[in-house]
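**Q** A single structure is presented below for examination.
The values are calculated or read from the model by the stated rules, or taken from the named source; none is laboratory data. Here the structure is a predicted model, which means the values were calculated and not measured. Cβ coordinates were reconstructed from backbone atoms using ideal geometry, including for glycine residues, and neighbour counts include every protein chain displayed. Accessible surface areas use protein heavy atoms only, side chains included; no ligands, DNA or RNA. Shrake-Rupley method; radii C 1.70, N 1.55, O 1.52, S 1.80 Å.
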Amino acid sequence: MGLLNDRVALVTGAGQGIGEAIAREFAAEGAWVAVVDIRRETAEQVAASLGINARASVFDITDADAYKNAVEDVLRERGRIDILVNNAAVAFTADVFEDTRQQWERTMAVNLEAMHQGAKLVAPAMARRGWGRIINISSVQAFATDGRVGAYCASKGGIVALTRSLAVELAAHGILVNAIAPGFVRTAMSMVDGVDETTTGDFAEWYVKRRKIPLARAAEPREIARVAVFLAGEDCSYVTGATLVADGGLTITF
Ligand SMILES: NC(=O)c1ccc[n+]([C@@H]2O[C@H](COP(=O)([O-])OP(=O)(O)OC[C@H]3O[C@@H](n4cnc5c(N)ncnc54)[C@H](O)[C@@H]3O)[C@@H](O)[C@H]2O)c1
């Protein structure tokens, strides 16, 4: 028996990185997964590797009509959606002197507005069945940052607040809404200016040797995905509106 047997899940940004790991762990726990991504190739590869437990769903989550159609497709095909993981995000590296209006708007549209839209689209179907789990991927950058990612930080802080609001609104319908705030995770997003920031000399010195991250390493995507498995399943019965920080202790040090 898997922890998510017979559950139907929709995971955004599941073509790679943390979203891919979540799709894989959900499928391994018995769920059927809609692998949502803007990139066809990666979404189809992940879905194909999961076989009958998944289907690729390729669209831009900021396209409200496409998102609505995708949710309707899953409801038609599977009869329900039990779990939504709002994971897809973008990040632009630029300080306040350099960043552009376009970067700000794209960041907010993908990272925050589409999250609200996704919740809005799945909540009625979850409420009809009196059961649902919505998991929003935030970041430690909601709380702490070394700059040059203002729009990203603002979007991730917004996710923490939106999670609480949704949790209050949806509790009476049996829908629990929580966020995960990862620290450093080894994915394509940890590439900054072409360099994997978890492999630099500075990272080794500061976060590993001096244990600014008490666990002295970056996370693997699967370690974040296992937190999502908990939040998606029956074991999560009395946690809602929370942001679980999964950062190896990074934000408890100074
Ligand atoms: N990697 C880290 O260190 C880290 C740390 C903290 C939080 N996070 C958060 O975890 C989540 C996943 O991050 P990741 O590192 O796996 O990122 P990633 O860049 O490796 O993957 C993001 C995925 O989202 C997809 N995507 C982007 N825009 C989309 C859109 N408009 N519509 C549909 N799909 C879209 C991309 O194609 C990609 O497959 C994000 O919310 C990120 O902010 C990551």
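**Q** If I take R0 = 41 Å and measure r between the Cβ atoms of T251 and Q102 in this structure, what FRET efficiency does the formula 1/(1 + (r/R0)^6) give, to the nearest 0.05? List each step's numbers first, then the result.
**A** Numbers: r = 30 Å, r/R0 = 0.74.
Between T251 and Q102 the formula returns 0.85.
**Q** How many percent of the accessible area of the range 130-171 is carbon or sulfur, using a 1.4 Å probe? It would help to have the intermediate numbers written out before the result.
**A** On the way: 890 of 1560 Å².
The nonpolar share, carbon plus sulfur, comes to 57 percent.
**Q** Okay, moving on. Hey, which aspartates and glutamates would be in cross-link range of K212, C-alpha to C-alpha under 13 Å, not counting anything within fewer than 8 residues on its own chain?
**A** D202, D247
**Q** For the chain, what is the accessible area per residue in Å² when the probe is 1.4 Å? Spell out each step's value before the answer.
**A** On the way: 12170 Å² over 254 residues.
Each residue of the chain exposes 48 Å² on average to a 1.4 Å probe.
**Q** In nm, give the distance between the simple-model label positions of A188 and R129, each being 7 Å from the Cα along the Cα-to-Cβ direction.
**A** With each label placed 7 Å out from Cα toward Cβ, I get 3.0 nm.
**Q** Right, next: Give me the net charge for the shell around T253: Cβ to Cβ below 13 angstrom, other residues only, Lys and Arg +1, Asp and Glu -1. Don't jump to the answer; show the numbers that get you there.
**A** Working: positive: R210, R211, K212; negative: D247.
Overall, the nearby charge balance is +2.
**Q** What number, rounded to the nearest 500 deg cm²/dmol, is the helix-based mean residue ellipticity at 222 nm of the chain, given -39500 (n - 2.57) per DSSP H run of at least four residues and division by all its residues? Present the calculation step by step, with values, prior to reporting the outcome.
**A** Numbers: 7 runs with 95 residues, N = 254.
Here the helix-only value at 222 nm equals -12000 deg cm²/dmol.
**Q** In the range 15-37, which residues have a backbone nitrogen under 20 Å from the label point lying 7 Å from F230's Cα in the Cα-to-Cβ direction?
**A** Within reach of a label on F230: 18-31.
**Q** Of N111, N53, N178, which is the most mobile in a GNM of the chain whose springs link Cα atoms less than 10 angstrom apart?
**A** Evaluated over the chain, the most mobile residue of the options is N53.
**Q** Still on this structure, please answer the following. Using the Karplus curve 6.51 cos²θ - 1.76 cosθ + 1.60 with θ = phi - 60°, what ³J(HN,Hα) values do you get for each residue of the range 236-252, in whole Hz, with x for Gly and Pro?
**A** Once θ is set to phi - 60°, the couplings for the range 236-252 become 8, 10, 9, 10, 8, x, 8, 10, 7, 8, 10, 10, x, x, 3, 7, 9 Hz.
**Q** Quick one: if you stick a label point 7 Å off each Cα along the C-beta vector at V195 and E223, how many nm between them?
**A** 2.2 nm
**Q** Further question on the same structure: Looking only at the chain, where both bridge partners belong to it, what percent of the DSSP beta bridges are antiparallel (to the nearest 5)?
**A** Values: 2 of 31 bridges.
Roughly 5 percent of the DSSP beta bridges within the chain come out antiparallel.
**Q** Sticking with this one: Checking the cross-link filter: which aspartates and glutamates have an alpha carbon closer than 15 Å to that of K68, excluding same-chain neighbours under 8 positions apart?
**A** Straight-distance partners of K68: D37, D60, E77, E113.
**Q** Compare A94, A179, A123 in a GNM of the chain, Cα atoms joined below 10 Å, and give the one with the largest fluctuation.
**A** Of A94, A179, A123, the Gaussian network model singles out A94 as fluctuating most.
**Q** Still on this structure, please answer the following. Lys and Arg at +1, Asp and Glu at -1: add these up for the other residues within a Cβ distance under 9 Å of G30 and post the number. Could the numbers behind the result be given before it?
**A** Numbers: positive: R7; negative: D6, E29.
Taking every other residue near G30 into account, the sum is -1.
**Q** Further, regarding this structure: Rounded to a whole number, what % of the accessible area of the range 10-82 do carbon and sulfur atoms account for, probe 1.4 Å? Before the final figure, lay out the partial values.
**A** Values: 1350 of 3060 Å².
The computed percentage sits at 44.
**Q** Using the scaling law 2.2 N^0.38 Å as the reference, what is the normalised Cα Rg of the chain? Kindly include the intermediate steps, with their values, before the conclusion.
**A** Details: Rg = 17.5 Å, N = 254, 2.2 N^0.38 = 18.0 Å.
The value comes to 0.97.
**Q** Taking only Cα atoms and a 10 Å spring cutoff, compute GNM fluctuations for the chain and point out the largest among V110, V195, V227.
**A** Ranking V110, V195, V227 by mean-square fluctuation puts V195 first.
**Q** With a sphere of radius 14 Å drawn around the Cβ of G233, what net charge do the other residues whose Cβ falls strictly inside it have (Lys, Arg +1; Asp, Glu -1)? Display every interim value, and only then the final one.
**A** Details: positive: R7, R133, R226; negative: D6, E25, E29, D82, E234, D235.
Taking every other residue near G233 into account, the sum is -3.
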